[in-house]
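Read-outs throughout are calculated quantities, based only on the coordinates presented, and are distinct from any laboratory measurement. Since the model is a prediction, treat every value here as computed from it, not as a measurement. Cβ: placed from backbone, ideal geometry, glycine included. Neighbour counts: every protein chain shown.
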Amino acid sequence: MISYSEYLNNIFPGVKVQKISVNAGFSCPNRDGTIGTGGCSYCRNDSFSPAYCMTRKSVSLQIEEGKAFFARKYPEMKYLAYFQSYTNTHGRNIEALESLYREAIDCEGVVGLVIGTRPDTLPDNVIGLLADLNRQKPVFLEIGAETSSDETLRIINRHHSWKDVKDAVNRASNNGIRCGLHLIAGLPGENREQILLNVANACSLPIDTLKLHQLQILKGTPLYEEWRNGMAEMTPFSLEEYLDLCAEIVRIVPDRIVIERFLAQSPPDMVVAPKWGLKNYQFMNLLNQIISKDKR
Ligand code: SF4
């Protein structure tokens, strides 16, 4: 299994690359009424937006501030502009999208774009735009799939199907765009077998990367209320269970796919469960100890 940094190093040889999160003021079709208003049951978008991402700041200003933050430590660093919050292909016409993406891609030191979005929000003209930009600098699509079970997608109020995921990945990949899928482990009603099936189904698609994390129950979300009221059929993972699951996932994911991440780390005051108090490197140390036993 190669690491995500090795993967980036193969694409950008000899260059240290860091993502800079950009909040371009996008909304989400599952919140603004386009397809729904309640959002996904586990979602609390402020749990993954860094403080320097203020919507009223321009994209280029956010990138400059992000660069200033990282360049103190690594002056030679290059950057991927990461359109992370909400659904970054939604609610704007194609000219407005192009203007935003070009503002980012043209910033000095930016070597590529990462666009986080939903599978049902990638019409052909957006794929075409991303393919054009990809000819200028690498574009990475991060598509939220979360699970391959349509029943779970219904329970968590995603308002899209697994077929939408397959369709989006295939169209993007056919246009030369690198795709990553996002999955969540431990969604309501899903056992270990279903999670491993989700991973296998994701790996059957032409993706480059997988981003996986444990379901976190966050204060202020519908999922938290369902869990508190005993309505959600789920038990948060213990650390040992989750490590064991991740080790199995490493065993079944083919070498051509890079696992970018296993752990979500929302601000501790938002998280109700599970509360492991581990940083990513600490989790990876524990996981690597298990994986290295496989190799003996
Ligand atoms: S997880 Fe994504 S799609 Fe779901 S409500 Fe949050 S921003 Fe919208």
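Using a 10 Å cut-off around each Cβ, can you sort Ile115, Ile249 from fewest to most neighbouring Cβ atoms?
Details: Ile115 25, Ile249 22.
Sorted ascending by nearby Cβ count, the order is Ile249, Ile115.
With a 10 Å Cβ neighbour count serving as the proxy for reagent exposure, in which order, fewest first, do Glu190, Glu6, Glu241 appear? Before the final figure, lay out each step's value.
On the way: Glu190 23, Glu6 10, Glu241 16.
Listing Glu190, Glu6, Glu241 from fewest to most nearby Cβ atoms yields Glu6, Glu241, Glu190.
Among Glu240, Glu98, which comes first, then next, by fewest other beta-carbon atoms within 10 Å?
On the way: Glu240 10, Glu98 16.
The most exposed by this proxy come first: Glu240, Glu98.
Roughly how many debye, to the nearest 20, is the charge dipole of region 1-114 about its Cα centre, given +1 on each Lys and Arg Cβ, -1 on each Asp and Glu Cβ, and no other charges? Before the final figure, lay out the partial values.
On the way: 12 positive and 11 negative charges, 64 e Å.
Computed charge dipole of region 1-114: roughly 300 debye.
Which listed residue (Pro119, Ala145, Leu218) has the Cα farthest towards the positive end of the charge dipole for the chain, taking +1 on Lys and Arg C-beta and -1 on Asp and Glu C-beta about the Cα centre?
Working it through, the farthest residue towards the positive pole turns out to be Leu218.
With the cut-off at 27 Å, tell me which of the pairs Lys163/Lys279; Lys57/Lys279; Lys67/Lys275; Lys16/Lys137; Lys19/Lys57 have Cα atoms farther apart than that. Let's see the in-between values first.
Working: Lys163/Lys279 35 Å; Lys57/Lys279 30 Å; Lys67/Lys275 32 Å; Lys16/Lys137 16 Å; Lys19/Lys57 18 Å.
As for pairs spanning more than 27 Å Cα to Cα, those are Lys163/Lys279; Lys57/Lys279; Lys67/Lys275.
If you count the DSSP beta bridges with both ends in the chain, what percent of them are antiparallel, to the nearest 5? Let's see the in-between values first.
Numbers: 2 of 33 bridges.
Looking only at bridges with both residues in the chain, the antiparallel portion is about 5 percent.
Tell me the volume per residue, in Å³, of the convex hull enclosing the alpha carbons of region 149-217. Write down the numbers at each step before the final one.
Working: hull volume 5.7 nm³, N = 69.
That works out to 83 Å³ per residue.
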